[in-house]
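Have a look at the structure below, then the notes.
The values are calculated or read from the model by the stated rules, or taken from the named source; none is laboratory data. Keep in mind the model is a prediction, meaning the values are calculated, not measured. In this analysis, Cβ positions are derived from the backbone assuming ideal geometry, glycine residues included, and neighbour counts consider all displayed protein chains. What goes into the accessible areas is simple: the full protein's heavy atoms, side chains included, and nothing from ligands, DNA or RNA. Shrake-Rupley method; radii C 1.70, N 1.55, O 1.52, S 1.80 Å.
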Amino acid sequence: KEIVFEADVAADAAPGKRDAVVFQSKLAGAISIYDRVDYVKLTPESSLAAFGGDGKARGYQQYEAVAFQRGPDGRKHTADDLELGPIDATWSIEIFYEPEGHRTDHVGEISQSGFFTPNAQSANNNFDLWVIAESKETDAEGQPVVGKGYLVLTVPSYVFNGRRYVRDLDRWVDDGPARPAR
């Protein structure tokens, strides 16, 4: 079921969360009163994805852009900031460290719903990426409000000190002694 309602907000209403009451049901903090979106945070703020290979499936990552208002103290990124919830954004990725001599044009792609899909084949190297969400909201100077998240795109397995490690979702697992190359 869906309830659609229209509300008038006083011009001098203080920013903050308000409760919504429908019949006998109350939803605490369901409505946000704010004057503008001041910044966007990505969730997760830091994450790991992995190329496919060595019999391992790719490690994907879903992102969400969440809007915030600066709160009563007037400063961004403080405890009193008002979380406004998920917003629509235009998504992109940017490599911020490119190892010399490595191709970086095929690390993967991010959909317009914030879903990162790594390339199916490993480039045999790790990549540090920014995941960028540009909102349709603008700041006080008229510029789009942008949020960034950090993504490490890694290989599906590696050898360290004679042992082979493989990626298992969000952690590395010791797979035993490395097998000699044939």
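From 116, 127, grab the single residue that is touching a strand residue (DSSP E or B) at 6+ places or on another chain (Cβ under 7 Å), closer than 18 Å to residue 61 by Cα and without any contact (Cβ under 8 Å) to a residue 60 or more places away in the chain. Please lay out each step first, then the result.
Details: 116 fails: without any contact (Cβ under 8 Å) to a residue 60 or more places away in the chain.
Every option except 127 fails the conditions.
Step by step: first the residues of the range 57-78, then only those that are open to solvent by 20 Å² or more (accessible area, probe 1.4 Å) and part of a strand (DSSP E or B), then the one that is farthest from residue 11 (Cα to Cα). Which residue is that? Give the steps one after another, and end with the answer.
Taking the range 57-78 first, the residues open to solvent by 20 Å² or more (accessible area, probe 1.4 Å) are 57-58, 60-62, 64, 68, 70, 72-78.
Going one step further and asking which of them are part of a strand (DSSP E or B), we end up with 61-62, 64, 68.
Numbers: 61: 41, 62: 37, 64: 31, 68: 20 Å.
Filtering the range 57-78 for residues that are open to solvent by 20 Å² or more (accessible area, probe 1.4 Å) and part of a strand (DSSP E or B), the one farthest from residue 11 (Cα to Cα) comes out as 61.
Any idea which of (1) open to solvent by 80 Å² or more (accessible area, probe 1.4 Å); (2) in contact with a strand residue (DSSP E or B) (Cβ under 7 Å, 6 or more places away or on another chain) is the one residue 21 doesn't satisfy?
Answer for residue 21: the failing condition is (2).
With respect to the numbered conditions (1) in contact (Cβ under 8 Å) with a residue 40 or more places away in the chain; (2) at positive phi, which one is the sole condition not fulfilled by residue 29?
Here residue 29 clears every test but (1).
What number of residues within the range 25-53 are open to solvent by 30 Å² or more (accessible area, probe 1.4 Å), modelled with pLDDT of 90 or more and not aliphatic (A, V, I, L, M)?
6
Looking only at the range 122-146, filter to residues that are outside any loop (DSSP other than H, G, I, E, B) and closer than 15 Å to residue 35 by Cβ; which one of those is least open to solvent (accessible area, probe 1.4 Å)? Steps first, please.
Let us first name the residues in the range 122-146 that are outside any loop (DSSP other than H, G, I, E, B), namely 127-138, 144-146.
Filter once more, keeping what is closer than 15 Å to residue 35 by Cβ: 137-138, 145.
On the way: 137: 79, 138: 70, 145: 8 Å².
Restricting to residues being outside any loop (DSSP other than H, G, I, E, B) and closer than 15 Å to residue 35 by Cβ, the top hit is 145.
Please indicate, with yes or no, whether at least one residue in the range 157-166 is among the polar types (S, T, N, Q) and either farther than 25 Å from residue 93 by Cβ or without any contact (Cβ under 8 Å) to a residue 24 or more places away in the chain (or both).
First, the residues of the range 157-166 that are among the polar types (S, T, N, Q): 157, 161.
Restricting the remaining residues to those that are either farther than 25 Å from residue 93 by Cβ or without any contact (Cβ under 8 Å) to a residue 24 or more places away in the chain (or both) gives 161.
Looking for residues that are among the polar types (S, T, N, Q) and either farther than 25 Å from residue 93 by Cβ or without any contact (Cβ under 8 Å) to a residue 24 or more places away in the chain (or both), one finds at least one in the range 157-166, hence yes.
Which residue out of 81, 88 is charged (D, E, K, R) and either surrounded by 15 or more Cβ atoms within 10 Å (Cβ to Cβ) or modelled with pLDDT under 90 (or both)? Show your work before the answer.
Working: 88 fails: either surrounded by 15 or more Cβ atoms within 10 Å (Cβ to Cβ) or modelled with pLDDT under 90 (or both).
Within the list 81, 88, the selection yields 81.
Taking the range 153-171, which residues are open to solvent by 40 Å² or more (accessible area, probe 1.4 Å), within 17 Å of residue 47 (Cα to Cα) and either at pLDDT 75 or above or among the basic types (Lys, Arg) (or both)?
171
Does the range 46-56 contain any residue that is acidic (Asp, Glu), in a strand (DSSP E or B) and over 25 Å from the mean Cα position of the chain (by Cα)?
Let us first name the residues in the range 46-56 that are acidic (Asp, Glu), namely 54.
Among the residues that remain, those that are also in a strand (DSSP E or B) are: none.
No: the range 46-56 contains no residue that is acidic (Asp, Glu), in a strand (DSSP E or B) and over 25 Å from the mean Cα position of the chain (by Cα).
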